[in-house]
Amino acid sequence: MEIIKIREHNEIAGKAALWFHSKWKVPILEYKESIQKCLNQEESVPQWYVAVENTEIIGGLGIIENDFHNRKDLSPNLCALYVEQEYRGKGIAGKLLDYACKDMSSFGIDTLYLVTDHTSFYEKYGWSFLCMVQEEGGSNMIRMYVHRK
């Protein structure tokens, strides 16, 4: 298994956009545009990462400004973490989280946030519950976590 920075591998950009779309049902155009900004390397955010085995994407995540919540001050956000079912329980999510945090630190970004409905998963990887935030365009509240280097 290898973790790839999409900004260094534009040949996988389209495949990655389709893969993330298939997992999260966010419009594929959103992923394509965000990944293109990552490839342009004009700013440190957004960034996208995939775990690959035998040329197949088996996991991935992104770093974006805001993951559809009302707390625009809590940025940037880790988003779209997903590992294929058959690869779960092998530490791939933890490796992706660690890799992305270290890579963002290389840009001078030492604090990341994420929203999730999971409890007790991210804590294993150094994340801490911060507060509840309101989902964008709705009244649902969701858990916000923080990771500081």
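The values are calculated or read from the model by the stated rules, or taken from the named source; none is laboratory data. Note that the coordinates shown come from a computational prediction; the quantities given were computed from them, not determined experimentally. Cβ coordinates were reconstructed from backbone atoms using ideal geometry, including for glycine residues, and neighbour counts include every protein chain displayed.
So the values come out like this:
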read-out: Any hit, region 127-141, residues being in a helix (DSSP H, G or I), over 18 Å from HIS21 (Cα atoms) and of a type outside the set (Val, Ile, Thr); value: no
read-out: Filter result for the condition that a residue is under 15 Å from the mean Cα position of the chain (by Cα) and free of Cβ contacts under 8 Å to residues at least 24 places away in the same chain, over LYS72, LYS102; value: LYS102
read-out: Pick from region 43-56, criterion in a loop (DSSP other than H, G, I, E, B) and farther than 18 Å from ASN66 by Cα, ranking: farthest from the chain's Cα centre (by Cα); value: ASN54
read-out: Members of region 1-42 that are at pLDDT 95 or above, outside any strand (DSSP E or B) and of a type in the set (D, E, K, R); value: ARG7, GLU8, GLU11, LYS15, LYS23, GLU30, LYS32, GLU33, LYS37
read-out: TYR145 vs. criteria surrounded by 15 or more Cβ atoms within 10 Å (Cβ to Cβ), in contact with a helix residue (DSSP H, G or I) (Cβ under 6 Å, 6 or more places away or on another chain), hydroxyl-bearing (Ser, Thr, Tyr) and assigned to a strand (DSSP E or B); value: yes
read-out: Residues within region 92-123 that are at pLDDT 95 or above and exposed (fewer than 13 other Cβ atoms within 10 Å of the Cβ), tallied; value: 5
